[in-house]
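Novice: The structure under discussion is supplied below as structure tokens; questions concerning it will follow.
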Amino acid sequence: MQVRLIGFLLLLGLAVVSGNASAGPQETAISAMLHHMFDKPDARLTVGPVVMSGNHAIADWSQGEMGGRALLHSRHNEWRIVLCTGDEIKNQGAMIKAGVPAEDALRLERDLANAEAALDPKQRAQFSKFEGLVMMDHDSAHKH
């Protein structure tokens with residue numbers, strides 16, 4: 001029990017450091033997984049906002065001067081990065097092509113637009129810097 005509490009507090013701390021103090025457990029798990037995969041001693045990753053619908057999520061991220069968006073999928077409580085990109089994944093059609101069900105894609109598009117609208121324009125522009133689309137292989141999984 002004590003180990004679980006410590007783990008939860010560590011994940012909560014990551015959410016607060018990432019600027020997403022109101023994150024739920026899945027958003028916090030996504031943020032922790034991305035930090036684990038991409039943090040560097042000289043370049044900390046910033047994650048957020050994270051929006052979710054069904055078994056899919058989009059996480060905005062920045063690291064140094066670079067930024068982008070990651071499309072994620074959960075299967076059996078295991079989050080995997082499907083792809084990384086910039087603006088290409090912001091619309092429902094692109095999400096559907098990437099395998100997101102239409103209803104979830106519509107909700108993700110709406111929620112992402114709303115979440116990003118609350119951000120500073122400079123921060124929002126940073127998520128557009130990632131050019132192209134990088135498909136991730138199934139080794140990108142991290143169990144939670």
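Novice: Based on this model, can you work out whether ALA102 counts as modelled with pLDDT of 95 or more, under 18 Å from VAL50 (Cα atoms) and surrounded by fewer than 14 Cβ atoms within 10 Å (Cβ to Cβ)?
Specialist: no
Novice: Quick check on my filter: what residues within region 26-41 are closer than 25 Å to PRO121 by Cα and either touching a His at 6+ places or on another chain (Cβ under 7 Å) or surrounded by fewer than 16 Cβ atoms within 10 Å (Cβ to Cβ) (or both)?
Specialist: ASP39
Novice: Quick one: in region 42-72, which of the residues that are assigned to a strand (DSSP E or B) and out of contact with any helix residue (DSSP H, G or I) (no Cβ under 8 Å at 6 or more places or on another chain) is modelled with the lowest pLDDT?
Specialist: Step by step, filter region 42-72, then rank; the result is ALA43.
Novice: Which one is surrounded by the fewest Cβ atoms within 10 Å (Cβ to Cβ), of the residues in region 50-79 that are farther than 17 Å from ASP104 by Cβ and without any contact (Cβ under 8 Å) to a residue 40 or more places away in the chain?
Specialist: Only one residue fits best here, namely HIS76.
Novice: Within region 105-121, which residues are surrounded by fewer than 12 Cβ atoms within 10 Å (Cβ to Cβ) and in a helix (DSSP H, G or I)?
Specialist: ASN114, ALA117, PRO121
The values are calculated or read from the model by the stated rules, or taken from the named source; none is laboratory data. This is a predicted model, so every value here is computed, not measured. For neighbour counting, all protein chains shown are included, and Cβ atoms are generated from backbone atoms with ideal geometry for every residue, glycine included.
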